[in-house]
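Below you'll find the structure, written out as C-alpha cells, and then a few comments.
The values are calculated or read from the model by the stated rules, or taken from the named source; none is laboratory data. Here the structure is a predicted model, which is why all the values come from computation and not from measurement. Cβ placement follows ideal geometry from the backbone for every residue including glycine, while neighbour counts extend to all protein chains displayed. Surface areas here come from the heavy atoms of the whole protein model, side chains and all, with no ligands, DNA or RNA. Shrake-Rupley method; radii C 1.70, N 1.55, O 1.52, S 1.80 Å.
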Amino acid sequence: MEKTKVLQKLTDCGLVAVVRAKDSEEAIRIADACLLGGCTGIELTFTVPAAHKVIESLAEKYSNGEMMLGAGTVLDSETARIAILSGANYIVSPGFNLETAKLCNRYQVPYMPGCMTITEVITAMEAGADIIKIFPADLFGPAIIKDIKGPLPQAKLMPTGGVDVSNVDKWIKAGAVAVGAGSSLTAGAKTGDYDKITATAKEFIAKIKEARS
C-alpha cells in the first residue's frame with residue numbers, strides 16, 4: 001500500500017494498538033480483537049516470539065487493507081527490512097536510528113521513531129520520519145505535545161506509554177495526530193478476555209472522535 005494511504009488510514013483512526021504477547025497465537029488474537037473494536041492500526045512488536053511470522057500471517061489474513069499492520073520495537077535496519085518483507089506497512093522504533101530511517105525512505109515505508117527531546121524530534125524529522133512517537137509519554141503528560149508543537153507546528157506526534165481511555169482525549173486535544181496504546185488496551189489478554197480488548201478499543205475510538213469534534 002502507498003505510504004500516503006498508510007499514514008492517512010493511521011491518522012484517520014487515531015489509535016495504534018501496541019501488541020506484545022507471549023506467543024504467536026495470543027498476538028494474533030489480540031490483533032483480531034483490536035480490529036473488531038475499530039482499531040485498524042496494529043503495531044506487532046518484535047518482542048513477540050517469531051514476530052516476522054506473525055506479521056506474515058496477519059498480512060495474509062488482512063490482505064485487502066482492513067488492517068494497517070506495523071512492526072514495533074524495531075531497533076535496526078536489518079530488522080526493519082525483515083519486517084517489510086514479511087508484510088509490515090510501517091515501522092516503529094523505541095528510539096531514532098538513522099539507518100532504519102534511510103531504509104524506510106528507500107522503500108517508501110513510513111517510519112515512526114521514539115523521541116523524548118526537541119533535538120531528537122528535529123533530527124528524526126530531518127531524516128524523513130513521518131510521525132514522531134513521543135516515548136515514554138507518561139514521563140511528560142499531554143503538555144509536551146503543545147510544548148513541541150510551539151516551535152515545531154509541522155511536527156506530527158504520536159504519544160505512546162501511559163495513554164489510556166481516561167486521558168486519550170487530552171492527548172488528542174493537545175495536538176497528537178494519533179496515540180499508541182499497549183497494556184491499557186490489551187490487558188484483557190492476560191485473562192483470556194479478548195472481548196474486553198474489543199470493548200476497550202471501541203472506548204478509545206469513541207473518545208478520539210469526541211475529542212476531534
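So LYS61 fits all but one of (1) surrounded by fewer than 17 Cβ atoms within 10 Å (Cβ to Cβ); (2) on the phi > 0 side of the Ramachandran plot; what number is the exception?
Unmet for LYS61, out of (1) surrounded by fewer than 17 Cβ atoms within 10 Å (Cβ to Cβ); (2) on the phi > 0 side of the Ramachandran plot: (2).
Suppose we filter segment 31-45 for residues that are closer than 20 Å to LYS207 by Cα, assigned to a strand (DSSP E or B) and aliphatic (A, V, I, L, M); how many remain?
Qualifying residue count for the region: 1.
Considering only strands (runs of 3 or more DSSP E) fully contained in segment 97-213, which possess at least 1 residues that are farther than 13 Å from GLY14 by Cβ? Talk me through it step by step, then tell me what you get.
On the way: elements: 111-115, 132-134, 157-159, 179-181.
Counting at least 1 such residues, we get 111-115, 132-134.
Any idea which residue in segment 95-111 is surrounded by the most Cβ atoms within 10 Å (Cβ to Cβ), counting only those that are touching a Ser or Thr at 6+ places or on another chain (Cβ under 7 Å) and under 24 Å from LEU58 (Cα atoms)?
So the residue we want is TYR111.
If only one of VAL54, VAL92, VAL74, VAL48 is part of a helix (DSSP H, G or I) and crowded, with 23+ Cβ neighbours inside 10 Å, which one is it?
Working: VAL92 fails: part of a helix (DSSP H, G or I); VAL74 fails: part of a helix (DSSP H, G or I); VAL48 fails: part of a helix (DSSP H, G or I).
Testing whether each residue is part of a helix (DSSP H, G or I) and crowded, with 23+ Cβ neighbours inside 10 Å leaves just VAL54.
When LYS3 is evaluated against the numbered criteria (1) open to solvent by 60 Å² or more (accessible area, probe 1.4 Å); (2) among the basic types (Lys, Arg); (3) over 22 Å from PRO136 (Cβ atoms), which criterion, by number, is the only one it fails?
Every condition holds for LYS3 apart from (1).
Got a sec? Which of GLU126, GLU120 is surrounded by 16 or more Cβ atoms within 10 Å (Cβ to Cβ) and over 23 Å from VAL19 (Cβ atoms)? I'd like the intermediate steps shown before the answer.
Working: GLU126 fails: surrounded by 16 or more Cβ atoms within 10 Å (Cβ to Cβ).
Answer to the check: GLU120.
In segment 13-30, how many residues are open to solvent by less than 10 Å² (accessible area, probe 1.4 Å) and in a strand (DSSP E or B)?
Quick first cut of segment 13-30, residues open to solvent by less than 10 Å² (accessible area, probe 1.4 Å) only: 14-17, 19, 27, 30.
Subsequent filtering for residues that are in a strand (DSSP E or B) retains 15-17, 19.
Total meeting the criteria: 4.
Can you tell me which of PHE96, PHE46, PHE140 is over 11 Å from the mean Cα position of the chain (by Cα) and at pLDDT below 95?
On the way: PHE96 fails: at pLDDT below 95; PHE46 fails: at pLDDT below 95.
PHE140 is the lone residue from the list that is over 11 Å from the mean Cα position of the chain (by Cα) and at pLDDT below 95.
Report the residue count in segment 145-159 for those that are under 17 Å from PRO110 (Cα atoms) and within 17 Å of the chain's Cα centre (by Cα). Before you say what the answer is, go through the steps one by one.
Step one: filter segment 145-159 for residues under 17 Å from PRO110 (Cα atoms), giving 154-159.
Those left that are additionally within 17 Å of the chain's Cα centre (by Cα): 155-159.
Selection size over segment 145-159: 5.
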